[in-house]
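The values are calculated or read from the model by the stated rules, or taken from the named source; none is laboratory data. Treat the numbers as computed from the prediction; the structure is a model and nothing was measured. Backbone-built Cβ (ideal geometry, glycine too); neighbour counts: all protein chains shown.
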Amino acid sequence: MAKAILLLNMGGPSSIDEVEIFLKNMFADPYILQTNSLMRKIVGSIIVKKRLDEAKENYITIGGKSPLLEITNSLAKRVESISGTKTYPVMRYVPPFAKVVLEELKSQNIDEVILFSMYPHYSSTTTKSSIEDIIDSAKEINYSPIFTTIERYYSSSDFVDIQCSLIKEALGETNEREIKLIISALGLPLDIINSGDPYQKEIEANVDLIEKRLQEIGLNFKEIELAYQSKVGNGTWLEPNLVDVLRNPTNLNVLIFPIAFTIDNSETIFELHIEHKEIATKLGYKYYKVAKCPNNLDEFANFIIKNCHK
């Protein structure tokens, strides 16, 4: 059978012109704004109008685009070159969209498609939304390959090893016993969690696995704390908020590891490296560093291949 691997992500604008497209599609997603379609359209348009200029300024600050697609393209090429299996990124809110990629696979007579979520932890707002988008797009173009999904892998020992190696790399020669490790996850509204979304439980389980593995490899941080970033609006979100953790320091030496992402994006490059660093600098932090995501590492490419060819 002819196979292909699709790397599923929400995406990020590849130009300033795509910022509005990104926001419109995000807030049109029923898994993001969980209300009826009419209210979603009204509320979504208000949010986009309110956030557009600031969002554009933020992307200008990091070079006029998100690095996400470029890094994912590089990762896809590595997966394909190592495995020999055609590999494509598919983004939820910006190109390359599911329908376009699936049309190409259909023209190539690909009859098995492996859907690999680029989010290690399952959430309706990310994993489910992306997978349903693929299924709906396939139906729309009358394409019916065999679909296999890899929708969570936070508990894989191989993946936890990759996470810990990234923490160790960021630490370098610094004495970890003087450092507070803040494991930062993308925040979600509590309403979504309370509706049965497993995201928080999977994040917490992943943190436990990381803590155990760090001890096994001899890294004993002075303190480890889980926090959540990217809160929007005045609603009740997962706590503690990373901004509050930084503003009420228990240690002025911190290393931040972004646990919820596999590819660096605006939430890591802008929020963690720029916005949150400014907070730390103003408060007199002596050490502030952010670890990388797995990105296009060979180890991550091989992990994807291993899981897609079981």
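Rundown of residues vs (1) without any contact (Cβ under 8 Å) to a residue 60 or more places away in the chain; (2) surrounded by 14 or more Cβ atoms within 10 Å (Cβ to Cβ); (3) under 15 Å from K65 (Cβ atoms), yes/no style:
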site	(1), (2), (3)
A2	no, no, no
I5	no, yes, no
L8	no, yes, no
V19	yes, yes, yes
N25	no, yes, no
G44	yes, yes, no
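Find the residue count for the stretch 215-258, including only residues that are among the aliphatic types (A, V, I, L, M), in contact with a Phe, Trp or Tyr (Cβ under 7 Å, 6 or more places away or on another chain) and closer than 20 Å to Y287 by Cβ. Summing the residues that are among the aliphatic types (A, V, I, L, M), in contact with a Phe, Trp or Tyr (Cβ under 7 Å, 6 or more places away or on another chain) and closer than 20 Å to Y287 by Cβ in the stretch 215-258 gives 3.
Looking across the stretch 126-175, the residues that are touching a Phe, Trp or Tyr at 6+ places or on another chain (Cβ under 7 Å) and either acidic (D, E) or modelled with pLDDT under 95 (or both) come down to E151, D158. From A227, A301, A205, which residue is surrounded by fewer than 21 Cβ atoms within 10 Å (Cβ to Cβ) and in contact with a helix residue (DSSP H, G or I) (Cβ under 6 Å, 6 or more places away or on another chain)? That would be A227, the only listed residue that is surrounded by fewer than 21 Cβ atoms within 10 Å (Cβ to Cβ) and in contact with a helix residue (DSSP H, G or I) (Cβ under 6 Å, 6 or more places away or on another chain). Can you name every residue in the stretch 272-284 that is touching a strand residue (DSSP E or B) at 6+ places or on another chain (Cβ under 8 Å), surrounded by fewer than 18 Cβ atoms within 10 Å (Cβ to Cβ) and over 30 Å from A76 (Cα atoms)? Hits for the stretch 272-284 are K277, T281. Among the residues making up the stretch 227-252, those that are assigned to a helix (DSSP H, G or I) and touching a residue at least 24 places away in the same chain (Cβ under 8 Å) are L242, V243, V245, L246, R247.
Of all residues in the stretch 30-41, none satisfies the criterion of being modelled with pLDDT under 85 and closer than 16 Å to E20 by Cα. On the basis of being surrounded by 17 or more Cβ atoms within 10 Å (Cβ to Cβ), part of a helix (DSSP H, G or I) and out of contact with any strand residue (DSSP E or B) (no Cβ under 6 Å at 6 or more places or on another chain), does G12 make the cut? When the stated conditions are applied, G12 does not pass them.
Figure legend. Inter-residue proximity from the stretch 209-226: first residues free of Cβ contacts under 8 Å to residues at least 60 places away in the same chain and within 12 Å of L255 (Cα to Cα), second residues surrounded by fewer than 17 Cβ atoms within 10 Å (Cβ to Cβ) and among the hydroxyl-bearing types (S, T, Y), beta-carbon distance below 7 Å, spacing 6+ or different chains. Indicated pairs: E223/T250.
What residue, among those in the stretch 292-310 that are outside any helix (DSSP H, G or I) and touching an Asp or Glu at 6+ places or on another chain (Cβ under 7 Å), is farthest from K3 (Cα to Cα)? So that I can check it myself, show each step before the final result.
First, pick out the residues of the stretch 292-310 that are outside any helix (DSSP H, G or I): 292-297, 309-310.
Still in the running and touching an Asp or Glu at 6+ places or on another chain (Cβ under 7 Å): 292-293, 295.
Values: K292: 30, C293: 27, N295: 23 Å.
Only one residue tops the list, namely K292.
Pairs meeting the criteria (first residue in the stretch 260-272 and in a helix (DSSP H, G or I), second residue of a type in the set (F, W, Y), beta carbons under 7 Å, at least 6 apart or on different chains) are S266/Y59; E267/F261; T268/F261. Just to be sure before I move on: is Y88 closer than 25 Å to E140 by Cβ and hydroxyl-bearing (S, T, Y) in the structure I sent? In short, yes. Remark: I256 matches the filter, which requires a residue to be surrounded by 19 or more Cβ atoms within 10 Å (Cβ to Cβ) and in contact (Cβ under 8 Å) with a residue 60 or more places away in the chain.
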